[in-house]
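Chemist: Have a look at this one before I ask anything.
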Ligand SMILES: Cc1cc2nc3c(=O)[nH]c(=O)nc-3n(C[C@H](O)[C@H](O)[C@H](O)COP(=O)(O)OP(=O)(O)OC[C@H]3O[C@@H](n4cnc5c(N)ncnc54)[C@H](O)[C@@H]3O)c2cc1C
Ligand code: HEM
Ligand code: SF4
């Protein structure tokens, strides 16, 4: 249960102080997504983030995988990506926007139909029951 | 805002208004419409039905509410007297109005030849000897003149004249037709065709007098009037209706010094602009390349084009070549039923093309006549005349408008079936000019062009032509055309559902059923291309629908969650700003005051936008994810169930009030609608299903536009199937008559299950039916005569689904773990601060994106109260 999972982005680049626990394993939905909220302190300019967390169930030898990707859909302007359908194209896992059905690669957020569209992605690790996401600012940020 | 004025609220003027609304021009124009008639635009094509039961209201093409909703001011009974081009104003009987652009849709007036003895317009004589047949008012006058009389004459044996004769007949008069030419319908028919038609018509008791020029009208001996003809003969009658052709209504244009054709008509260019570029003319008043088009379809084409020009001119630049409009004339082929007799005229019906050869088939016993006109080399079909039987019309029209090579023996096209193969054409025979995607105006020719340019799969063709990327309504048609085109080019067509399954939907359905597969992952493991694949937005919802159609397990069960599209997952329709609509079921549109109040209470409490839909129920818009369970909790407590508006499933059973209140009703349509809705609610199918039940033939519930339509008869119910509205409307077809309640239900059971079994993904019953080999007769064989021995199985399967029905929201509310997803954020209580509403007409609507700050608002906007959306008033 404590193995950290593989994610598509390289988490070694993330300073260990930048990991933030966003939710618990039980909050995730297998084969689908949920959204999480994260905001920084005043000192860090009160920035807020909406993050979609997708869970691919464990299959055979592969452990469960969790991906963190921007919840904001750039095409509709609505915060809905976590409610998109999971899929794959040539074996590459994707999320499909629930409104206008663009496909985005989970590993790097690249849109498959439009080279100019790319969603932000974050590294994810699982520490015990905690689902942690690595930000590029220190984790002193307040999380609800 | 600019001012746009439309003169004339007839069929074409009305269509122009509809198109302006649709294309968004109402945001940039203040639109005023002036109509001389008292009535809002009505269906002139079906004018004659005014005498057979329809009233002005049911012939109306739109309603005053539509105009108000579109922000358009409609001035009825207000004639435009002149156009002051110098000041950019029009002058009406009541005042002046400025315009920036002007559209003339003044139509035409009946031509009354100058005959000695005609009553002066408006005189007492004119009320019986100078009647015409064009407007509802005209028909009122004819009706008044016919009261207590016995004989009526129509001058003019053309299409409209024969309709008028039929009208006189339906008023109980002995009807006569007087025609100047040597045959009936001289424009459309040749001599033999005219002769055959005359036979039919005289057999119906209508007198036909050919080669007769009326020279004078004098008081008669036995009847009120006596018509004297040039050849010395005469005919007496009580009333005379003129239908001797139409004249474009161009008087207004003349006085405004616009260019007018030699024989009348406002001259227009390919963009329908008159000699004043800010003034357009469309419909029957317009003269294009010296031609007047006396049919609605060309007028509609003009209306659509002008609307798009006006809409585009307000969007600033219109750089896409596809947006420009160019009227290119129109096909004048006609297919009619006159006095119950089929008449068809296609292309060069008279064989006027140089060297044209004709084939003729004439069956005097049955009164059937067919003429086929082909080119000198017999390779092209140029035209045709049909009398007494129009069953070949569609196929022949395809040959002509499509320039399809004629069969080796062209005569086979008109000979009876026994002497040759009856030749029919499939979907691949659509003309290149046929519009496939009306959102982006993509024709079949454009699609073929894309294929020729090397795009040989659906995705690439969609990307390059934009076809099917608007509302998506044309997806099935597009796929059909693309498949047919690729196949004809020798490209092997892949019928796989998507990259994950090498099967069609029908094959997957059988696999699911035969192997009792109950989950998506099981199906993927056994039959997917890659056992562990995740699927995609094509196969997941399709399989979800198949599983539901077969087993009807709650869609929110954990094993079903991953395959549901977001609307099914959250049991609500996602709207453009990420909020949801809530649609409780209101069976048959029947609702108690208490329930209405309950809906109102909920909408008020959660600050939802409410609208009554075309499906006879009430939609509540703007609910946020976390509010859905609470809202549904309250609705269910008030006695509602989910309306499945989010699913490809039974939507509504529309109904009229029937015998319970209506003085015309012959069956209890309300009770039947409730029974049907209760039986089929929640039924998941390849596409949405719409039903309707009418209590008598007046058909107030519009059942003939539904997948399943039921119309009451004296003896039971008539069943219609496979109709739909939407972008390609299709009338439902009569499937069975005078059924009793139980037979009606079992027939519908079988029909629906057979559709679910055999239809393609996202295929409406109409498209499914059109692709069905053997057509309606085959369907009747299978469903009614049980030719495949499937009847019992189909009924049993339906019964299982009916028994397993459970309101999905009630089920979800009973299982707290299913509700945990209904939170905007797993780690925070706040609603989505990105949802910003404004108030318009006293209700919320999503703010235009420009009003929403690009950075999501932070702490100050994070209050967690449900109605804390930022609301800005706009005026
Ligand atoms: C009985 C009948 C059957 C028909 N059957 C068919 C058929 O089967 N198929 C087919 O394709 N076509 C048919 N037609 C023809 C079809 O109805 C016309 O092509 C169509 O109505 C033309 O539309 P329009 O808008 O150009 O003219 P109209 O519908 O005539 O509308 C013009 C309107 O402008 C108003 N108007 C005129 N001048 C002014 C003014 N100065 N100020 C204000 N208002 C003004 C008029 O009062 C009128 O209401 C039929 C016509 C009739 C009469
Ligand atoms: C994403 C697109 C669409 C959504 C979300 C949508 C949603 C709906 C909803 C919720 C209703 C109310 C039905 C009810 O009360 O159950 C409805 C009705 C209707 N929709 Fe749509 N619709 C869409 C596209 C279309 C399109 C493209 C057309 C036609 C071209 C269309 C035609 C209709 C009609 C005619 C009705 C009235 C149904 C009736 O009278 O039976 N819809 N739609
Ligand atoms: S269809 Fe229904 S409402 Fe309309 S007249 Fe017949 S019974 Fe009355």
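Bear in mind these aren't lab numbers, they're just calculated from the coordinates by the rules spelled out. Since this is a predicted model, take the numbers as computed values, not measurements. Using ideal geometry, Cβ is built from the backbone for each residue, glycine included, and neighbour counts are taken over all protein chains shown.
Chemist: Using Cα-Cα distances under 8 Å and only pairs 6 or more residues apart, what relative contact order does chain B have, in percent?
Modeler: It rounds to 6 percent for chain B.
Chemist: So if I take the centroid of the Cα atoms in the range B:724-771 and the same for the range B:555-607, what is the distance between those two points in Å?
Modeler: Here the two parts' Cα centres lie 27 Å apart.
Chemist: Now, a different point. Along each principal axis of its Cα atoms, how long is the range B:634-736 end to end? Whole angstroms, biggest number first, please.
Modeler: Cα spread of the range B:634-736 along its principal axes, largest to smallest: 40, 34, 21 Å.
Chemist: Just check the range B:497-576 against the gyration tensor rule for me: Cα atoms, a ≥ b ≥ c as the square roots of the eigenvalues, rounded for a/c under 1.5, and otherwise prolate or oblate depending on whether a/b exceeds b/c. Provide the component values of the computation, followed by the final result.
Modeler: Values: a/c = 1.82, a/b = 1.41, b/c = 1.29.
Prolate shape, in that a/c is at least 1.5 and a/b is the bigger ratio.
Chemist: Between the alpha-carbon centers of the range B:120-136 and the range B:772-803, tell me the distance in whole angstrom.
Modeler: The range B:120-136 and the range B:772-803 have Cα centres spaced 57 Å from each other.
Chemist: Also: Report the relative contact order of the range B:608-722, percent, no decimals, based on alpha-carbon pairs under 8 angstrom and at least 6 residues apart.
Modeler: 20
Chemist: Taking the C-alpha atoms of the range B:124-244, how large are the radius of gyration and the largest Cα-Cα span, Dmax, in Å?
Modeler: When restricted to Cα atoms, the range B:124-244 yields Rg and Dmax of 13.4, 41 Å.
Chemist: Restricting to bridges with both residues inside the protein assembly as shown, how much of the DSSP beta-bridge set is antiparallel, in percent to the nearest 5?
Modeler: The answer is about 70 percent antiparallel.
Chemist: Related question: Given bins 5 angstrom wide, list per bin the percent of all Cα-Cα distances in the range B:183-278, short to long.
Modeler: Result returned by the calculation: 2, 10, 13, 13, 13, 11, 11, 11, 9, 5, 1, 0.
Chemist: Also, quick follow-up: How would the range B:164-228 be classified by its alpha-carbon gyration tensor: rounded, prolate or oblate, with rounded meaning a/c under 1.5 and the a/b versus b/c comparison settling the rest?
Modeler: Because a/c hits 1.5 or more and a/b fails to exceed b/c, the range B:164-228 counts as oblate.
Chemist: With the cut-off at 18 Å, report for the range B:517-564 the share of all Cα pairs above it, as a whole percent.
Modeler: Considering the range B:517-564, 17 percent of its Cα-Cα pairs are separated by more than 18 Å.
Chemist: Looking at chain B only, what percent of DSSP beta bridges run antiparallel? Nearest 5 please.
Modeler: If I count the DSSP bridges inside chain B, around 60 percent turn out antiparallel.
Chemist: So how much slack lies between residue B:96 and residue B:802, counting 0.36 nm per residue of separation and subtracting their Cα-Cα distance, in nm?
Modeler: Gain in length upon complete extension: 247.8 nm.
Chemist: At 7 Å along Cα-to-Cβ for each site, give me the label-to-label distance between residue B:218 and residue B:408 in nm.
Modeler: 6.7
Chemist: Find the percent of Cα-Cα distances in the protein assembly as shown that exceed 45 Å, and round it to a whole number.
Modeler: Every Cα pair in the protein assembly as shown considered, those over 45 Å come to 42 percent.
Chemist: Any chance you could list P(r) for the range B:96-146, counting all Cα-Cα pairs in 5 angstrom bins from zero, rounded to whole %?
Modeler: 4, 16, 21, 20, 11, 8, 9, 7, 4, 0
Chemist: Rounded to whole Å and ordered largest first, report the semi-axes of the equivalent ellipsoid of the range B:217-341 derived from its Cα gyration tensor (root of 5λ).
Modeler: 42, 18, 11
Chemist: Quickly work out the residue B:531-to-residue B:663 label distance, labels modelled 7 Å from Cα along the C-beta direction, and quote it in nm with one decimal.
Modeler: Inter-label distance under the simple model: 7.4 nm.
Chemist: Normalised radius of gyration for chain B, please: alpha carbon Rg relative to 2.2 N^0.38 Å, two decimal places.
Modeler: In units of the 2.2 N^0.38 Å rule of thumb, it is 1.05.
Chemist: How would you classify the range B:343-408 from its alpha-carbon gyration tensor, with a ≥ b ≥ c the square roots of the eigenvalues: rounded for a/c under 1.5, else prolate if a/b is greater than b/c, otherwise oblate? Please report the intermediate quantities before stating the final value.
Modeler: On the way: a/c = 1.98, a/b = 1.53, b/c = 1.30.
Because a/c hits 1.5 or more and a/b exceeds b/c, the range B:343-408 counts as prolate.
Chemist: Next up: What do you get for Rg/Rh over the range B:121-179 if you use C-alpha atoms and the Kirkwood form of Rh? If you can, show how the numbers build up before the last one.
Modeler: Numbers: Rg = 10.6 Å, Rh = 11.4 Å.
With Rh from the inverse mean 1/r over Cα pairs, Rg/Rh is 0.93.
Chemist: Compute the distribution of all C-alpha to C-alpha distances in the range B:575-664, in bins of 5 Å from 0, and list the percent of pairs in each, rounded to whole numbers.
Modeler: Bins of 5 Å from zero give 3, 13, 24, 25, 18, 9, 4, 3, 1, 0 percent of pairs.
Chemist: I need to check one value: relative contact order of the range B:505-564, counting alpha carbon pairs closer than 8 Å and at least 6 residues apart, in percent.
Modeler: Across the range B:505-564, relative contact order equals 37 percent.
Chemist: If you don't mind, there's one more thing I want to ask. Averaged over its residues, how many other protein chain Cβ atoms are within 10 Å of peptide B:526-539's Cβ atoms?
Modeler: For this peptide, the per-residue mean of nearby foreign Cβ atoms is 4.
Chemist: Moving on to the next point. Based on the Cα atoms of the range B:649-806, what semi-axes does the equivalent ellipsoid have, where each is the square root of 5 times one gyration tensor eigenvalue, given in whole Å with the largest first?
Modeler: Taking √(5λ) for each Cα gyration eigenvalue gives 23, 17, 16 Å.
Chemist: Also, quick follow-up: Take the alpha carbon atoms of the range B:342-388, find their center, do the same for the range B:638-708, and report the distance between the two centers in whole angstrom.
Modeler: Using only Cα atoms, the two centres lie 45 Å from each other.
Chemist: Here is a follow-up. Suppose each label sits 7 Å from its Cα in the direction of the beta carbon; what would the residue B:69-residue B:841 distance come out to in nanometres?
Modeler: The modelled label-to-label distance comes out at 0.8 nm.
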